[in-house]
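K.L.:
I'd like to ask some things about the structure below.
The values are calculated or read from the model by the stated rules, or taken from the named source; none is laboratory data. The structure presented is a predicted model; accordingly, all values stated were derived computationally and were not measured. All Cβ positions, glycine included, derive from the backbone under ideal geometry; neighbour counts span all protein chains shown.
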Amino acid sequence: ITLNGKAVRAERTAILKYVGFVPQLPPPLRMPVGQLISFAAGVCGAEENKMYAVARQLGLDAKEFRKQPFVKLSGGQKQKLLIAIALGRKCNLLVMDEPAANLDPEARHVLFKLLAEKQKNTAMIISSHRLDEVAALVNRVVELDQGHVVLDDHVADDVDIDSVLECLVNLSRADSAFAKTIDEWGFHAEQDGKIWKGFVAGPDRLRFLGVLSRYAGLLKGIRMEETSKDKLATNE
């Protein structure tokens, strides 16, 4: 196996400069956040400021936590920082294991946007146990069962990874459990909680519909239409 003409095993140190990695389980590092970013940037010859900038886009002010041990961050903060380290640099290959885990809807949309910017020049390998979460991010799916390949197929690649859907959900009656769930997606209520409006990242459409399916008995109607990113920015 080679990457950019270099043997993966024989030239591991050189290979690291070309590979970005987001693990599923954050490592239990006691290293301060600032030191971790400096170390990561030094290994791959990247700029620390770019990693801090990506973290801010994801909703994490990493400079505020520079002296705090990485292990003391919350699950969401750790995930955002690891993504910032992987995406805040140039790389030819991105390997991501459940990259959207622990991310709020707004951070997920930012993640999809950042991945869209890298699509043309970066190969991506994404590991996930939920196809609905990654279907819009990939054009090939390989399914494993106990170490054996049981599916290797190409998938439709029609979804714009950076697309945004304007959504309206109409309920037969207001419901507190539904309100709590939909509020986590950043939706706002109208007509005493019977109508909910908001935005969903295009790649998240299947996941969003899966959430709505839990309240099928309450649903009177759903409308989802692609909208401009400028309109999303205005509403934010």
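K.L.:
Quickly run through segment 184-201 and pick out the residues that are of a type in the set (D, E, K, R), loosely packed, with under 13 Cβ neighbours inside 10 Å and either modelled with pLDDT of 95 or more or not in a strand (DSSP E or B) (or both).
P.N.:
Matches in segment 184-201: Glu184, Asp192.
K.L.:
List the number of the failed condition for Asp204; all other conditions in (1) crowded, with 18+ Cβ neighbours inside 10 Å; (2) farther than 22 Å from Ala107 by Cβ hold.
P.N.:
(2)
K.L.:
Only residues that are of a type in the set (Gly, Ala, Ser) and surrounded by 11 or more Cβ atoms within 10 Å (Cβ to Cβ): list them for segment 8-35, please.
P.N.:
Ala14, Gly20, Gly34 - these are the residues of segment 8-35 that are of a type in the set (Gly, Ala, Ser) and surrounded by 11 or more Cβ atoms within 10 Å (Cβ to Cβ).
K.L.:
Also: Quick one: is Thr181 among the β-branched types (Val, Ile, Thr), modelled with pLDDT under 90 and surrounded by 15 or more Cβ atoms within 10 Å (Cβ to Cβ)?
P.N.:
No.
K.L.:
What's the number of the only condition in (1) of a type in the set (A, V, I, L, M); (2) in a helix (DSSP H, G or I); (3) closer than 21 Å to Thr13 by Cβ that Ala55 fails to meet?
P.N.:
Going through (1) of a type in the set (A, V, I, L, M); (2) in a helix (DSSP H, G or I); (3) closer than 21 Å to Thr13 by Cβ one by one, Ala55 breaks only (3).
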